[in-house]
Amino acid sequence: MKFVISREALIKPLQLVAGVVERRQTLPVLSNILLVAEGDQLSMTGTDLEVELVGRVQLDEPAEAGSITVPARKLMDICKSLPDTAQIELTLTGQKMVIKAGRSRFTLSTLPAAEFPNVEDSPESFELNVLQSQLRHLIDQTGFSMAQQDVRYYLNGMLLEITENSLRAVSTDGHRLATSVAEVDTNGPANSQFIVPRKGILELARLLQSGDDQVKLVVGANHIRAHAGDYTFTSKLVDGKFPDYQRVIPQGGDKFMLGTRQELRQVFSRIAILSNEKYRGVRLSLTNGYLQVMANNPEQEEAEETVAVDYEGDTLEIGFNVNYLLDVLSIVSSEVVRFTLSDSNSSALIEGLDDANSIYVVMPMRM
């Protein structure tokens with residue numbers, strides 16, 4: 001096995017594929033990526049048994065065919081350290097991979113390609129074509145609400161729901177919820193739902209471009225596969241039932257506050273400095289035309305600030321985790337945001353005034 005490739009052509013796909021590989025592995029071969037050279041194409045595969053990513057690169061000249069696995073992190077670090085214009089020659093000599101570039105020479109240990117695991121296939125249920133930019137936008141708008149290592153394992157991921165002519169993303173960690181919807185041409189079964197694990201969502205987002213290129217999603221009983229340009233991404237699906245998100249979205253709120261997103265974000269950031277480091281609570285007090293934001297901490301330190309908002313109605317005091325509010329205000333694209341509230345014990349519904357496709361729910365805190 002032998003091939004020559006420019007650093008420029010190798011570095012991006014190598015970084016994406018190596019990103020899937022976990023640093024700590026139970027099987028030594030899972031620390032490696034699989035290299036397969038055939039004709040004028042090189043394919044690279046990384047996996048952690050949950051998620052698999054295959055990247056393909058065109059070679060300038062045909063390779064001596066072969067396949068082998070090499071340490072992902074070391075190969076990536078070597079390539080990153082070489083000059084931008086380097087031509088890299090990789091040659092398999094016995095059980096070692098020899099890497100040459102200019103006057104540099106590296107020898108890496110290898111493991112046989114036969115030991116490299118495949119993410120097993122499940123029968124295809126349906127497929128769906130979406131613009132990469134649309135799917136990326138859905139993930140960006142909702143990904144921050146996914147749980148991390150929650151015992152309710154079905155929350156450690158994102159629900160993708162296909163209805164007639166729309167694709168919806170929903171995530172929740174039990175304290176907040178984010179959902180966004182995009183219009184797409186669906187030819188799959190309407191009202192199908194599946195949960196993609198957190199790592200799968202994060203790796204998929206890294207792949208997706210912002211242009212008009214399409215990504216083909218192939219959904220099976222246990223897996224989702226995405227074909228995007230020169231990459232094929234596969235992830236296991238979470239086997240569980242996602243909560244009924246429609247029931248979580250508060251209905252019938254009768255108090256509406258409109259505020260400037262950037263101004264609210266700055267006020268919350270300042271007041272958060274003196275909030276309790278563990279609970280991150282801030283108290284919001286709404287009166288006609290004004291919002292007062294207050295925080296204190298166990299050291300008896302206090303912060304408060306008043307900001308002009310568009311609000312008419314009864315006085316309302318309610319507490320929130322300030323980080324949850326800041327996360328929403330960081331992601332909303334509208335310059336004006338609307339808070340819909342009913343009382344101090346009910347969740348807030350937050351949405352951008354110009355964006356009817358994304359809504360956010362934040363549960364209140366007892367202060």
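Numbers at a glance
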| read-out | value |
| --- | --- |
| Flag if residue 352 is open to solvent by less than 60 Å² (accessible area, probe 1.4 Å), out of contact with any helix residue (DSSP H, G or I) (no Cβ under 6 Å at 6 or more places or on another chain) and at positive phi | no |
| Selection within the stretch 152-166 - modelled with pLDDT of 95 or more and aliphatic (A, V, I, L, M) | 155, 158, 159, 160 |
| First in the stretch 92-103 and under 12 Å from residue 79 (Cα atoms) and of a type in the set (A, V, I, L, M, F, W, C), second anywhere and outside any loop (DSSP other than H, G, I, E, B) and open to solvent by 60 Å² or more (accessible area, probe 1.4 Å), Cβ under 7 Å, 6 or more apart | 99/106; 101/87 |
| Matching residues in the stretch 106-128 - criterion: being open to solvent by less than 80 Å² (accessible area, probe 1.4 Å), outside any loop (DSSP other than H, G, I, E, B) and either closer than 30 Å to residue 220 by Cβ or of a type in the set (Val, Ile, Thr) (or both) | 107, 111, 113, 125, 126, 127, 128 |
| Long-range neighbours under 8 Å by Cβ, at least six apart or interchain, first residue within 10 Å of residue 323 (Cβ to Cβ) and in a helix (DSSP H, G or I) within the stretch 270-287, second among the hydrophobic types (A, V, I, L, M, F, W, C) and open to solvent by less than 10 Å² (accessible area, probe 1.4 Å) | 272/282; 272/295; 272/322 |
| Tally of residues being without any contact (Cβ under 8 Å) to a residue 40 or more places away in the chain and either under 21 Å from the mean Cα position of the chain (by Cα) or not in a loop (DSSP other than H, G, I, E, B) (or both) across the stretch 336-354 | 2 |
| Meets criteria (open to solvent by 50 Å² or more (accessible area, probe 1.4 Å), closer than 22 Å to residue 209 by Cα and either not small (Gly, Ala, Ser) or not in a strand (DSSP E or B) (or both)) for residue 74 | no |
| Of residues in the stretch 288-301 being assigned to a strand (DSSP E or B) and not hydrophobic (A, V, I, L, M, F, W, C), the one farthest from the chain's Cα centre (by Cα) | 290 |
| Residue list for the stretch 86-105, restricted to those being more than 18 Å from residue 13 (Cβ to Cβ) and either crowded, with 18+ Cβ neighbours inside 10 Å or hydroxyl-bearing (Ser, Thr, Tyr) (or both) | 91, 92, 93, 104 |
| Flag if residue 83 is touching a residue at least 60 places away in the same chain (Cβ under 8 Å) and either polar (S, T, N, Q) or within 19 Å of residue 11 (Cα to Cα) (or both) | yes |
| Residue in the stretch 322-335 that is assigned to a strand (DSSP E or B), touching a residue at least 12 places away in the same chain (Cβ under 8 Å) and open to solvent by less than 50 Å² (accessible area, probe 1.4 Å) present | no |
| Residues located in the stretch 1-16, provided they are open to solvent by 40 Å² or more (accessible area, probe 1.4 Å) and closer than 22 Å to residue 119 by Cβ | 15 |
| Lone qualifier among 269, 342, 346 - being touching a Lys or Arg at 6+ places or on another chain (Cβ under 9 Å), closer than 18 Å to residue 360 by Cβ and either among the acidic types (Asp, Glu) or open to solvent by less than 80 Å² (accessible area, probe 1.4 Å) (or both) | 342 |
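The values are calculated or read from the model by the stated rules, or taken from the named source; none is laboratory data. Keep in mind that this is a model prediction, so the values were computed, not measured. When we count neighbours, we look across all protein chains shown, and the Cβ atoms used for this are built from the backbone with ideal geometry, even at glycine. SASA here: full protein model, heavy atoms, side chains in, ligands and nucleic acids out. Shrake-Rupley method; radii C 1.70, N 1.55, O 1.52, S 1.80 Å.
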